Structure formats: C-alpha cells, structure tokens
Amino acid sequence: MTDDLGDIIQYYDSHKEAEDQRLERHRLEHELTWRYFNKYLPPEGSILEIGAATGRYTVDLAKKGHPVTAVDMSVALLNECRKRVAEAGLNEKVQFVLADARDLGQVIPEKFDVVLLMGPLYHLVVEADRKLALKQAHDRLRERGMLFSSFISRFGILGELMRNTPEWIENQAEVRSVLAEGKDPGDHPHGGFRGYFARTHEAIALHEGAGFETVVLAGVEPGISADDESYNRLEGRQRELWLDLLYEVSTEPSIVGASRHLLYVGRKRNA
C-alpha cells in the first residue's frame, strides 16, 4: 500500500450522515445500478461488498437472499451499516469486516460468487493501489465470478463542480491537474474529499489488466449531468419510462463519460 488514506477515513467518519443520504440525492445512480444488479447478479451466491458504507446496497442484497460480507475502512460507516442491517432483521445474512480494500486478509470465506467494489476506487489516487485493490477482489472471486465496480468520471463531474463549487475553476493549477492526471496536484493539502477521477478507456484497461473480462461499462447518470432534481421529482409511469430510456442509453459510447459515475461489470477470466 503506497498511500496513507487516514484523511479519507477521517472524512467519512465525520460525514456519515451525508454518505447515508447520498443515494437519496442521486436516485438515478441508485436505480440504474440496481438495473445492472438485477441483470447480472446470479440468483443465488455469496457477495463480498468492499466499501459497503452505511449499507444502502447491503440490506437489499441480503433481502434478496445473498449472504453478504460487508467491508469498509471507516468505523463510523460500518457501525451505521450494522445498525441498518439489525433494523432489517438480517443479522444472520451479513458479516462485517473493518478493512482497507488493498488488504482483505481478514475476510472469510476466501472465495465469493460476486464482488462489489462500489467506492474504494474513487479514493485510490495512486495507480498501484487501484491495481492492488482489484487484485484483492480478483483473488477472492470464484472462477467466472462477477465484479461490479464504480469510478467517478473525470469529465462527468464538471457539471457538479460548476453548480456546487464554481470557485474551483479559479484554481487553474488544480483544474489542469485534474484534467491531465485525474487528481489534485501532489502538493495539494489533504483533507476533505480527495479522489481519483477516471476516463472511460482506462477503467476498462485497468480491469482487463487485472484478469477480468469486460461485460459492460455504463454511465449511471446518463443525460442529467448534475440535475438530480429533475429525475428525483418524477413519479409513477413517467419515472419508470424515463428510467427505461436512460438505462437503454447508459452504454452509448458518446454519453458514458458524461455521467458523474461509471459502473463497470466484469467477469473473472478462467485461469
């Protein structure tokens, strides 16, 4: 492990409420991700969820009958996950492990049918660490097991930055570093949200280099940029029809990178 993620742990320990509400704000991301889960998850099988956070996916996966091992490096987030699982009466379905995605030595059992890596790759700004996290995931998958992972899109975040922190554009050194390298400059002070922002082609290459066959790479907020509210206020049949359409176009190459979040679905290659 080449990067100290203590600042990231501290960030999530002190922002657990915001993290818990994130998928309420970003409902299209949540609902489109579930479309892909429903299409590619096996009907049965164990799931290793690396980066389980407060358990928004954990509970629903356990309700579908999957035994889930929920892993996170934030004590505060993992405690919230425990609470949510207990409230749902699913304690027998879920195990909890406090661990870094780059070192899963504490995880038992050693092989799973599915691995979710839905967040850790956001924060591994060093390429060697991203490769290490994917190796850990690969090693814990059974042959032909499925992997779901997510990235923040390098260019898809621009709409959100313009909307929420328009002053960002004035720090041209940071702007140029993000566009060229996908991260803040090396001398940027740690603290707050520190992440890595990927391009679509490198997400595919990274996984295939780690031993996965690409099934699909999708943008899970296609066509809306930072406009969550317009989707969130849809109801009933209109909402379902818009979700159908946005799912249909979510793999269109010309739109994938414009989504804030990318979802990679792959399968472990035969040895």
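Data for the structure
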read-out	value
Selection from region 202-218 of residues that are under 20 Å from PHE155 (Cβ atoms) and in contact with a helix residue (DSSP H, G or I) (Cβ under 8 Å, 6 or more places away or on another chain)	LEU206, HIS207, VAL216, LEU217, ALA218
Any hit, region 25-46, residues being touching a Pro at 6+ places or on another chain (Cβ under 7 Å) and among the polar types (S, T, N, Q)	yes
Selection count, region 86-106, where residues are of a type in the set (A, V, I, L, M) and over 23 Å from GLN10 (Cα atoms)	4
Test for PRO42: is it of a type outside the set (A, V, I, L, M, F, W, C), farther than 27 Å from ASP227 by Cβ and either at pLDDT 95 or above or surrounded by 15 or more Cβ atoms within 10 Å (Cβ to Cβ) (or both)	yes
Pair list, Cβ < 9 Å and 6+ apart or interchain, from region 163-178 residues that are touching a residue at least 40 places away in the same chain (Cβ under 8 Å) to residues that are surrounded by 10 or more Cβ atoms within 10 Å (Cβ to Cβ)	ARG163/SER225; ARG163/ALA226; ARG163/ASP227; ASN164/ALA226
Some residue of region 3-15 being within 13 Å of the chain's Cα centre (by Cα) and either on the phi < 0 side of the Ramachandran plot or part of a loop (DSSP other than H, G, I, E, B) (or both)	no
Matching helices (runs of 4 or more DSSP H) fully within region 178-271 where at least 3 residues are surrounded by fewer than 16 Cβ atoms within 10 Å (Cβ to Cβ)	200-209, 228-232, 236-249
Residues that are outside any helix (DSSP H, G or I) and within 22 Å of ILE224 (Cα to Cα), drawn from region 163-177	THR165
Members of region 243-271 that are within 14 Å of PRO222 (Cα to Cα), touching a Ser or Thr at 6+ places or on another chain (Cβ under 9 Å) and of a type outside the set (Val, Ile, Thr)	SER250, PRO253, GLY257, ALA258, SER259, ARG260, HIS261, LEU262, LEU263
Filter pass, GLU31 being out of contact with any strand residue (DSSP E or B) (no Cβ under 6 Å at 6 or more places or on another chain) and not hydrophobic (A, V, I, L, M, F, W, C)	yes
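The values are calculated or read from the model by the stated rules, or taken from the named source; none is laboratory data. Quick caveat, the model's predicted, so the values are computed rather than measured. Don't worry about glycine lacking a Cβ; one is built from the backbone with ideal geometry, like all the others, and counts go over all protein chains shown.
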